[in-house]
Amino acid sequence: MANVKYKRVVLKLSGEALAGDLGTGINPPEIRKVAEEIKEVHNLGVQITIVVGGGNMWRGEAGAQMGMERSQADYIGMLATVMNALALQDNLESIGVPTRVQTAIEMRQIAEPYIRRKAIRHLEKGRIVIFAGGTGSPYFSTDTTAALRASEVNADVILMAKNGVDGIYSADPLKDANAVKYEELTHLDIINKGLQVMDTTASSLSMDNDIPLVVFNMNESGNIKRVVEGETIGTTVKGK
C-alpha cells in the first residue's frame, strides 16, 4: 500500500454530486468523472466504502412537507439511493474497479443485503463497497448512515465530498461574503455552533466513536486522493 494517511475510508457522496450541473437526476458524464476520482484512490490500495445520498431524485423531508406521511416519504428516498448506487457501481466496474452494492433494505435480485462481516471481507479483497438504502429506517439521513457504517467497519475517517464548497464555514459562503472558513473543529463544535454540515445524530455518533470527518470540495479534481494522502485541504473535524 502507498504511503497514505487513511487506509479504510467512508466516502459520503451526495446525490447532487452525481447530477452535476443538471441539478437533478443522474448525469452519466458526471458519474464517470466521480468514478475516475475514486479509482485513483483505489489504486493506492485504500479500502473504500461509499455512502451515497438520493437528493438528486427525492428528499423525504420535502415529501413530508408536501403532505406525505414522513416514513413513506423517507422510504422513497431510500430507493433513490439504490438507483444512484447502481449507477455508480456500473461506472466503477466499467473502468475495472470491482464493487459490491449492499442495501439496508433487502432487494436480492440487484444487490446484497447489508452484512457487516461480508462488507469487511469485500474490503479485504480489494473491492469497493457501496452502501445504499440509508440505515433502512425512516427519519435517519444518509449522513447518519455514513457515521453508522464508519463505526461498524472501523473506518479511519469519513470523507464528506461537497459540491463547490471547500470546507466548513461560519455561514453559507455562497450567500454570505463575510463567512469564515474553519480549518479544524471538534464534533461538539459542529453541534454547539449549529453548523449544518451533518445532522446532530451523525455528529454525535462520530464523536462517540472517535471518527474524524474531513469536509472538502468534490469539484476540484484530485481532492479525494489529496485528502487520503494526508494533504491539508478543506476542514477536519475530530475529537470532542
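Quick notes on this structure:
- J(HN,Hα) series, segment 205-214, from Karplus relation 6.51 cos²θ - 1.76 cosθ + 1.60, nearest Hz, glycine and proline x: 5, 5, 5, 5, 9, 6, 9, x, 10, 10
- Charged side chains reduced to their Cβ positions (Lys and Arg at +1, Asp and Glu at -1) give segment 118-240 a dipole of some 420 debye around its Cα centre.
- Angstrom value of the Kirkwood radius, inverse mean 1/r, which spans all Cα pairs in segment 84-136: 11.1 Å
- Cα Rg, Dmax (largest Cα-Cα span) when computed across segment 102-202, Å: 16.4, 51
- Bridge orientation summary for the chain: considering DSSP beta bridges with both residues in this region, about 15 percent are antiparallel.
- Rounded to the nearest Hz, the phi-derived 3J(HN,Hα) couplings of segment 229-234 under the Karplus curve 6.51 cos²θ - 1.76 cosθ + 1.60 (θ = phi - 60°) are 7, x, 5, 7, 9, x, where x marks glycine and proline.
- Under-5 Å amide H pairs with Gly239, H placed in peptide plane, nonlocal only: His187
- Table column - 3J(HN,Hα) (Hz), segment 190-197, Karplus curve with 6.51, -1.76, 1.60, x for Gly and Pro: 4, 6, 5, 7, x, 6, 8, 9
- Lys/Arg +1, Asp/Glu -1 at C-beta; the chain dipole; positive extreme among Pro28, Ile233, Gly126: Gly126
- Each Lys and Arg adds +1 at its Cβ and each Asp and Glu adds -1 at its Cβ; summed about the Cα centre, the chain shows a dipole of about 720 debye.
- Other-chain or far-sequence residues with amide H under 5 Å of Gly15's (modelled H): Gly53, Gly54, Gly55, Asn56
- Using the Cβ-Cβ distance between Ile95 and Thr232 with R0 set to 35 Å, the FRET efficiency from 1/(1 + (r/R0)^6) comes to roughly 0.75.
- When the alpha carbon gyration tensor of segment 1-123 is reduced to an equivalent ellipsoid, its three semi-axes come out at 27, 18, 13 angstrom, largest first.
- In this structure the amide hydrogen of Ala132, modeled in the peptide plane, comes within under 5 Å of the amide hydrogens of Gln102, Thr103, Ala104, none closer than 5 places in sequence on its chain.
- Of the residues Leu185, Ser204, Ala150, the one whose Cα sits farthest towards the positive end of the charge dipole of the chain is Ala150 (charges of +1 on Lys and Arg Cβ, -1 on Asp and Glu Cβ, taken about the Cα centre).
- With Rh defined as the Kirkwood radius, the inverse of the mean 1/r over Cα pairs, the Rg/Rh of segment 8-237 is 0.94.
- Computed about the Cα centre, the dipole magnitude for segment 142-212 is approximately 220 debye when only Lys and Arg (+1) and Asp and Glu (-1) carry charge, each at its Cβ.
- Linear extension gain, Leu44 paired with Met107, 0.36 nm per residue minus alpha-carbon span: 19.5 nm
- Nearest-0.05 FRET efficiency for Asn178 and Asp208, computed from C-beta distance (R0 25 Å): 0.15
Quick note: the coordinates plus some simple rules give every number you see, no bench work behind them. Here the structure is a predicted model, which means the values were calculated and not measured. Positions of Cβ are generated from backbone atoms using ideal geometry, with glycine treated the same way; all protein chains shown enter the neighbour counts.
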